[in-house]
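Note sheet for the following structure.
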């Protein structure tokens, strides 16, 4: 039996519920938060990108919405 080291790319999101006066303050507080405090979702991918196709889950940038 052979031994293999398999590395799988992962991509995902972490969501924080933040109390703030505005979106900018909320984003800064999220960046300063401990990642253990957020809700994490991730998925395994064959690859992140191939040619001009991105396989990563959306959104691809920080989003902030009032809840």
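A few comments on the model shown:
- Failed item, numbered, when residue 12 is tested on (1) surrounded by 10 or more Cβ atoms within 10 Å (Cβ to Cβ); (2) closer than 18 Å to residue 67 by Cα; (3) within 16 Å of the chain's Cα centre (by Cα): (2)
- Residues that are part of a loop (DSSP other than H, G, I, E, B), surrounded by 10 or more Cβ atoms within 10 Å (Cβ to Cβ) and within 16 Å of the chain's Cα centre (by Cα) within the range 15-46 comprise 16, 17, 33, 38, 45, listed in sequence order.
- One residue from 7, 64, 3 being assigned to a loop (DSSP other than H, G, I, E, B) and surrounded by 12 or more Cβ atoms within 10 Å (Cβ to Cβ): 64
Read-outs: derived from the displayed coordinates by stated rules, not from any lab. On a predicted model such as this, the values are computed, not experimentally measured, just so you know. Virtual Cβ from ideal backbone geometry, glycine too; neighbours counted across all protein chains shown.
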